[in-house]
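The values are calculated or read from the model by the stated rules, or taken from the named source; none is laboratory data. Quick caveat: nothing in here was measured; it's all calculated off a predicted structure. In this analysis, Cβ positions are derived from the backbone assuming ideal geometry, glycine residues included, and neighbour counts consider all displayed protein chains. Accessible surface areas use protein heavy atoms only, side chains included; no ligands, DNA or RNA. Shrake-Rupley method; radii C 1.70, N 1.55, O 1.52, S 1.80 Å.
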Amino acid sequence: MQITKLVSDPNQPSRLYVLTLEAQYLLTKDSGANWKKMKGPSPPSRLLISALQIRPTEPDWLIWVGNKLCGLLDTGDCYSIAYYSRDGGSSWNVFNKYVTKFSWAWEGKLRTMDMSAIFCSSYEHKKGDQGDMSDTGDSDNPLWLEYTTNWGSKWTKVLNRPVGYAAVEEFMIMAQARMDKAELRLVVSMDGEEWASTVAVVIQVAGLWLHCPRIKDQPHILGCQHRSSQERPSS
């Protein structure tokens with residue numbers, strides 16, 4: 001058994017997952033005093049940095065991203081496939097395919113529509129070899145940031161061409177590639193149900209102040225520009 005990654009529960013440090021190259025992993029709930037061998041739904045994805053994520057306040061809610069048709073003897077097109085479990089890994093269900101990143105929506109102080117909400121970036125057309133696809137998608141097969149609140153039965157598209165995203169305080173921040181220019185645009189979304197009444201928001205990320213006016217016709221999205229690393233810009 002070749003160990004590839006250790007994943008700890010953010011709220012229960014005594015709970016640790018040990019991932020391997022195969023569709024199995026080890027789980028301890030008592031800091032390693034006892035271990036249980038568990039079976040994953042498929043080998044961990046080799047296309048993603050992270051293959052397992054734990055819901056911070058629900059330790060038995062798990063997201064697992066594995067490989068499909070990526071073995072040496074497989075002749076099909078390799079892609080990543082995402083599963084969820086609500087019973088600590090005893091059973092798994094598919095909720096998306098051709099994914100590049102995933103996360104539970106409730107992280108930090110971010111409030112979303114539902115506790116079960118999941119954000120995911122995935123390709124629109126789910127066919128072909130994912131390893132050959134553009135990192136941000138293209139006109140033929142765009143990459144979308146989307147979310148689900150019903151375990152993948154329905155997905156709502158948010159923005160295309162996501163480079164990366166994260167929850168920072170009460171904001172969801174995403175870097176979006178621009179097709180017309182060789183640059184990135186930083187966009188910020190707040191609570192999916194309640195919106196700030198101001199026309200702009202000022203936030204600080206990694207020591208940098210960002211001025212974020214609203215984008216026309218998209219009141220839940222803010223377009224941000226770096227103004228100063230020393231002084232807070234006015235809103």
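Checking the structure you have, find out if any residue of region 121-133 is over 14 Å from residue 65 (Cβ atoms), touching a strand residue (DSSP E or B) at 6+ places or on another chain (Cβ under 9 Å), at pLDDT below 90 and open to solvent by 30 Å² or more (accessible area, probe 1.4 Å). Yes; the residues of region 121-133 include at least one that is over 14 Å from residue 65 (Cβ atoms), touching a strand residue (DSSP E or B) at 6+ places or on another chain (Cβ under 9 Å), at pLDDT below 90 and open to solvent by 30 Å² or more (accessible area, probe 1.4 Å).
So, residue 55, is that one at pLDDT 90 or above and more than 25 Å from residue 130 (Cβ to Cβ) or not? So residue 55 does not fit the description; no. Per the conditions (1) among the small types (Gly, Ala, Ser); (2) in a strand (DSSP E or B); (3) open to solvent by 10 Å² or more (accessible area, probe 1.4 Å), the sole criterion not satisfied by residue 71 is (2). Contact map, region 43-62: first residue within 19 Å of residue 12 (Cβ to Cβ) and open to solvent by 60 Å² or more (accessible area, probe 1.4 Å), second residue among the acidic types (Asp, Glu) and part of a loop (DSSP other than H, G, I, E, B), Cβ cut-off under 8 Å, separation 6 or more or different chains; pairs are 60/87. Only residues that are in a loop (DSSP other than H, G, I, E, B) and open to solvent by 50 Å² or more (accessible area, probe 1.4 Å) were counted in region 135-160, giving 9. Within region 1-42, the set of residues being among the hydroxyl-bearing types (Ser, Thr, Tyr) and either part of a loop (DSSP other than H, G, I, E, B) or open to solvent by 30 Å² or more (accessible area, probe 1.4 Å) (or both) comprises 4, 8, 14, 31, 42. Which condition number does residue 80 fail, the rest of (1) loosely packed, with under 15 Cβ neighbours inside 10 Å; (2) touching a Ser or Thr at 6+ places or on another chain (Cβ under 7 Å); (3) among the small types (Gly, Ala, Ser) being met? So residue 80 meets the others, but not (1).
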